[in-house]
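What follows is one structure encoded as structure tokens, with my remarks underneath.
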Amino acid sequence: MMSNLEKTYTTQANFMLHGGDYNPDQWLDRPDILSNDLELMKLSHSNTFSLSIFAWSTLEPEEGIYRFEWLDEIIDNIFRIGGRIILATPSGARPAWMSQKYPEVLRTNAARVKQLHGGRHNHCFTSGVYREKTQKINRLLAERYGNHPALLMWHISNEYGGECHCEQCQHAFRGWLKQKYNHDLKSLNDAWWGPFWSHTFNDWSQIESPSPNGESMVHGLNLDWKRFVTEQTISFYENEIVPLRELTPTIPITTNFMADTNDLIPFQALDYSKFAKHLDVISWDAYPAWHNDWESTADLAMKVGFINDLYRSLKQQPFILMESTPSSVNWHQVNKAKRPGMHLLSSMQMVSHGSDSVMYFQWRKSRGSSEKFHGAVVDHDNSSENRVFKEVARVGKTLEKLVDIVGTNRPADVAILYDWESNWAINDAQGFGMETKRYPQTLQQHYRSFWEHDIPVDVITKDQDFSAYKLLIVPMLYLVSEETIARLKQFVADGGTLVMTYISGLVNEHDLTYLGGWHKDLQEIFGMKPIETDTLYSSDKNYVKYRNQSYELRDYATVIDLNTASTEGIYEDDFYANTAAVTNHKYEKGQTYYIGGRMEDSFHRDFYAEIIKELTLKTIVSVGHGKGVSVQVRQAPEYDYIFVMNFTEEKQPVSFKSSVKDMFTSKEIIGEVILEKYEVLIVEKAK
Ligand code: GAL
């Protein structure tokens with residue numbers, strides 16, 4: 001949590017960035033189009049463009065032959081019209097000559113099949129040749145553009161992801177394991193529970209990365225491999241930025257993070273909590289499926305809120321929306337256009353959660369290949385008169401009014417803990433329900449109650465400071481080290497309220513279960529211990545009685561052995577009927593709650609409503625509204641900036657108790673106003 005409200009200018013710009021990925025390298029034989037782009041940039045109120053992503057074959061068409069003149073001209077032209085640039089390193093895709101001459105740059109998949117040249121994001125992160133080649137071209141870019149006044153930021157590669165299983169990677173993995181286990185094979189065998197199915201190794205060379213045609217059942221190995229993949233990707237990134245740190249030490253560096261699209265959950269394959277430490281600014285690419293047919297607009301908006309609060313909390317400072325679409329994408333199952341008004345609303349939602357930009361993929365739609373129908377600011381009609389372009393210009397104009405918000409933060413008293421490692425381990429666990437673990441979705445469920453109450457939340461990771469929060473929620477924290485347990489205990493001892501759920505605290509950092517029941521420190525702070533986890537079929541029904549109300553329970557029910565905790569809710573059915581389902585325990589200056597079953601949303605609403613009252617958790621500014629309206633606040637020392645967003649298809653009345661100023665029209669507002677479908681109101685209030 002930010003204890004003070006001082007602004008942090010993460011992008012070094014004192015304006016909201018608006019623009020996006022621009023690929024002039026696809027249009028070099030069309031000077032008319034390139035010059036038209038400059039006109040359209042002005043008309044769309046755009047100010048920042050990400051350049052040279054995937055431009056390697058144009059920058060270095062043959063090995064050692066470089067062509068930068070086109071880029072010089074583009075950058076100069078953008079600067080001339082008042083624009084700035086984010087310069088990307090081109091490593092996300094490489095020229096064919098390189099794969100042909102140096103096959104070691106090609107990735108090998110888990111089945112040990114070497115991939116052919118093609119696609120993108122498919123290089124080996126260990127390859128010495130690829131590391132050398134990327135560093136070389138990055139150095140040339142930094143030498144040439146490092147002092148250009150248009151340069152705002154570095155964008156390293158594009159959406160790092162994936163893994164390589166080639167011989168070089170196996171070698172690096174074994175080296176990484178040796179370091180981790182202090183060259184002691186016995187420690188590794190112990191951590192991986194070696195004798196199980198006779199998996200004890202007696203030489204490091206026997207160890208292989210997980211494979212569908214080899215090993216996949218050793219959970220400790222799977223976990224270490226995932227950790228290695230994160231660290232190897234970071235190491236590749238660190239190699240990329242050596243010349244940039246050397247030649248442009250004051251230019252901030254980012255790389256664009258992603259989300260997994262189903263349910264808009266955090267990207268699963270890399271542990272971003274580790275990666276974040278190596279970046280100056282967090283940026284991410286958001287592509288929610290607005291107007292889908294499986295959830296309400298408000299439900300989806302809540303999930304967008306959750307992931308934004310996670311990515312912002314990774315560095316506790318404003319972040320960058322690096323990519324979004326002005327209309328539709330081309331890779332959802334159904335690529336629906338954003339309805340009128342949704343572009344402004346969805347863009348402002350990002351800003352309300354801490355983004356200091358609205359950037360797009362893509363500036364101009366490509367003419368050929370797989371993304372020619374992906375939404376863009378400039379369509380194939382090359383016009384500023386179509387609906388999408390006008391909606392983009394409206395966002396641009398709105399952002400120009402929001403300069404005072406740049407750099408402001410969103411302090412919170414509530415934190416929810418998201419842990420990549422717990423998620424990996426729980427998904428690997430053979431047990432419970434194969435389809436129902438749904439760790440990130442469970443966190444979203446807990447987040448929802450605060451989102452609906454307009455209470456700011458930080459979604460933090462386990463190595464962050466807990467002490468600044470009044471309430472810490474750790475749903476399904478399956479994997480938890482002794483060290484984290486000690487920190488949770490301290491948090492409660494110091495006066496914090498800790499909420500934990502079913503399937504928590506079961507294994508340590510090697511995915512080895514704790515023996516002797518639950519960890520003794522957890523037993524001490526919770527005054528109970530979980531003794532059995534029952535997994536339910538979807539046709540099974542059970543209920544929890546809490547404050548004289550029955551709430552439906554699904555998927556999981558933990559049988560609890562009560563010690564000194566009090567019973568707050570009981571199971572209604574089955575062999576554990578009338579036993580504790582929800583407990584509370586006072587420990588030193590704080591208290592804990594344990595929720596034994598996976599409860600329906602209305603339980604969380606009522607349960608957290610009580611905690612909100614008890615801990616006097618407050619909205620920053622009170623705005624009256626109904627369901628589906630979200631109020632998010634960014635704070636500066638003197639002002640609160642309040643975003644009131646209607647994520648419903650109906651008009652919604654909202655009311656302000658005291659006077660606020662509309663940041664777009666400068667008009668004073670007090671009392672009730674009606675928000676149209678998808679309307680967003682951005683107001684400021686002096687403190
Ligand atoms: C992103 C990627 C872009 C573009 C976009 C399309 O994941 O970074 O290059 O492919 O998706 O939505």
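Computed from the coordinates by the stated procedures, all read-outs in this text should not be read as laboratory data. Every value quoted in this text rests on a predicted model; they were computed, and no experiment measured them. Here Cβ is always computed from backbone atoms with ideal geometry, including for glycine, and neighbour counts include all displayed protein chains.
Rg over Rh for region 1-88 works out to 1.09, both radii taken from alpha-carbon positions and Rh defined as the Kirkwood radius. Of the cross-linked pairs 589/685; 365/677; 226/372; 226/520, those separated by over 32 Å at the C-alpha level are 589/685; 226/372. Using a 7 Å offset from Cα along Cα-Cβ at residue 35, what residues in region 370-386 end up with backbone N under 19 Å from the label point? Within reach of a label on residue 35, which here means backbone N under 19 Å from a point 7 Å along Cα→Cβ, region 370-386 contributes 382-384. Selection among 191, 206, 176 by position relative to the dipole of region 168-222 gives 176 as farthest towards the positive end (Cβ unit charges, Cα centre). Semi-axes of the equivalent ellipsoid for region 415-508, computed as √(5λ) from the eigenvalues of its C-alpha gyration tensor and ordered from largest down, come to 22, 18, 10 Å. With neighbours defined as other Cβ atoms within 10 Å of a residue's Cβ, the residues 436, 248 order from fewest to most as 436, 248. Peptides 673-685, 197-209 ranked from most to least packed give 673-685, 197-209, packing being the mean of other C-beta atoms within 10 angstrom over each peptide's residues.
Between residue 263 and residue 619, the modelled labels are 2.9 nm apart [label points 7 Å from Cα along Cα→Cβ]. Quick one: grab the alpha carbon gyration tensor of region 414-614, order the square roots of its eigenvalues as a ≥ b ≥ c, and give me rounded if a/c is under 1.5, else prolate or oblate depending on whether a/b is larger than b/c. Judged from the Cα gyration tensor, region 414-614 comes out rounded (a/c under 1.5). Stokes-Einstein diffusion for the chain at 37 °C, viscosity 0.692 mPa s, with a Kirkwood radius from C-alpha pairs, works out to 123 µm²/s. Radius of gyration (Cα atoms) of region 323-412, expressed as a multiple of 2.2 N^0.38 Å: 1.16.
Towards the positive end of the charge dipole of the chain, with charges on Cβ (+1 Lys, Arg; -1 Asp, Glu), say which of 153, 125, 90 has the farthest Cα. So the residue we want is 153.
Using the Cβ-Cβ distance between residue 441 and residue 116 with R0 = 35 Å, the FRET efficiency computed as 1/(1 + (r/R0)^6) comes to roughly 0.45.
Can you give the charge dipole size of the chain about its Cα centre, rounded to the nearest 20 debye, using +1 on the beta carbon of Lys and Arg and -1 on the beta carbon of Asp and Glu? Around 960 debye, computed over the chain. Karplus couplings for region 37-44 from phi (6.51 cos²θ - 1.76 cosθ + 1.60, θ = phi - 60°), rounded to Hz, Gly and Pro as x? Couplings: 3, 5, 5, 5, 4, 5, 5, 8 Hz. Pairs of C-alpha atoms in region 376-433 farther apart than 15 Å represent 73 percent of all such pairs. Applied to region 333-342, the Karplus parametrisation 6.51 cos²θ - 1.76 cosθ + 1.60 on θ = phi - 60° returns per-residue 3J(HN,Hα) values of 4, 10, 9, 7, 6, 5, 5, x, x, 5 Hz, with x for Gly and Pro. Using the alpha-carbon positions of region 84-159, Rg (one decimal) and Dmax (whole number) come out as 14.2, 48 Å. Straight Cα distances below 21 angstrom link residue 315 to the lysines 7, 274, 277, 303, 462, 470, with same-chain residues fewer than 8 positions distant left out.
In this label model, residue 578 and residue 81 are separated by 7.6 nm, measuring between points 7 Å along each Cα→Cβ vector.
Think of the chain as having a plus end and a minus end, set by charges on the Cβ of Lys, Arg, Asp and Glu; of 66, 317, 646, 66 sits farthest toward the positive end of this dipole. The reciprocal of the average 1/r between distinct C-alpha atoms defines the Kirkwood hydrodynamic radius, which for region 168-222 equals 11.4 Å.
Its alpha carbons give region 623-686 an Rg and a Dmax of 11.1, 35 Å. Packing around the peptides 440-453, 24-37, taken as the average count of other Cβ atoms within 10 Å per residue, puts them in this order, highest first: 440-453, 24-37.
For the chain, the antiparallel share of DSSP beta bridges with both residues in that region comes to about 60%. When +1 charges are put on Lys and Arg Cβ atoms and -1 charges on Asp and Glu Cβ atoms, the dipole computed for region 562-662 relative to its Cα centre reaches about 520 debye. Under Stokes-Einstein, with the Kirkwood radius over Cα pairs as Rh, the value for region 492-584 at 10 °C and 1.306 mPa s is 112 µm²/s.
As a proxy for reagent exposure, 350, 500 were ordered by neighbouring Cβ count within 10 angstrom, fewest first; the result is 350, 500.
Amide H contacts under 5 Å for residue 581: 568, 569, 570, 571, restricted to partners 5 or more places along the chain or on a different chain, H placed in the peptide plane at 1.01 Å from N. Taking Cα centre as origin and charging only the Cβ of basic (Lys, Arg, +1) and acidic (Asp, Glu, -1) residues, the dipole magnitude of region 83-211 rounds to 520 debye.
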